1. Being surrounded by fewer than 17 Cβ atoms within 10 Å (Cβ to Cβ) and of a type in the set (A, V, I, L, M, F, W, C) is the filter; apply it to region 86-113 and report the residue that is farthest from residue 39 (Cα to Cα).
2. Taking the residues in region 1-32 that are among the β-branched types (Val, Ile, Thr) and assigned to a helix (DSSP H, G or I) as candidates, determine which candidate is modelled with the lowest pLDDT.
3. Out of 69, 83, report the one residue that is buried (at least 16 other Cβ atoms within 10 Å of the Cβ), within 15 Å of the chain's Cα centre (by Cα) and at pLDDT below 80.
4. Give me the pairs: first residue in region 88-106 and assigned to a helix (DSSP H, G or I), second residue at pLDDT 90 or above and of a type in the set (Gly, Ala, Ser), beta-carbon distance under 6 Å, and six or more apart or on different chains, which are they?
5. So which residues in region 78-95 are closer than 17 Å to residue 13 by Cβ and hydrophobic (A, V, I, L, M, F, W, C)?
Amino acid sequence: MALTHRCIRLKFPELTSFFSTYFHQDWKTGADNAADILARFFAESYATYANLQRCATEIRQLIDEYGDDARIEAALAALGCHDHPSADGRPARAWLADLHDRMLRAAEAIQHR
């Protein structure tokens, strides 16, 4: 059974906050690409060690639960993400896995400051 947008948002609160804040419907007006948005996120105080760990955990959970690219893209939309990896020719699963790894690396860098 498919989860409603509200259920998905409740299940993944950190990702809801992240995507709806950084990848909202107008995100391309303030950045050239997703990499610029991520750089801004990692530079802001919101990106604490604990927050990055929680986001990475939720990303892994989303990948594990939704599995295929079409379902992941639908979940991303429900979470408020208006970046569509498939529009750039990138599988959603691979895009999220890369985001997961980047969040973990950023968290590790914060921990070792």
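The values are calculated or read from the model by the stated rules, or taken from the named source; none is laboratory data. If you're wondering where the values come from, they're calculated on a predicted model, not measured in any experiment. Using ideal geometry, Cβ is built from the backbone for each residue, glycine included, and neighbour counts are taken over all protein chains shown.
1. 87
2. Step one: of region 1-32, the residues among the β-branched types (Val, Ile, Thr) are 4, 8, 16, 21, 29.
From what's left, assigned to a helix (DSSP H, G or I): 8, 16, 21, 29.
Values: 8: 82, 16: 90, 21: 80, 29: 61.
Step by step, filter region 1-32, then rank; the result is 29.
3. Working: 69 fails: at pLDDT below 80.
So the residue among 69, 83 that is buried (at least 16 other Cβ atoms within 10 Å of the Cβ), within 15 Å of the chain's Cα centre (by Cα) and at pLDDT below 80 is 83.
4. That search, which allows pairs on different chains as well, returns 100/56; 103/56; 104/56.
5. The initial filter retains those residues of region 78-95 that are closer than 17 Å to residue 13 by Cβ, namely 78-81.
Residues satisfying the conditions are 78, 79, 81.
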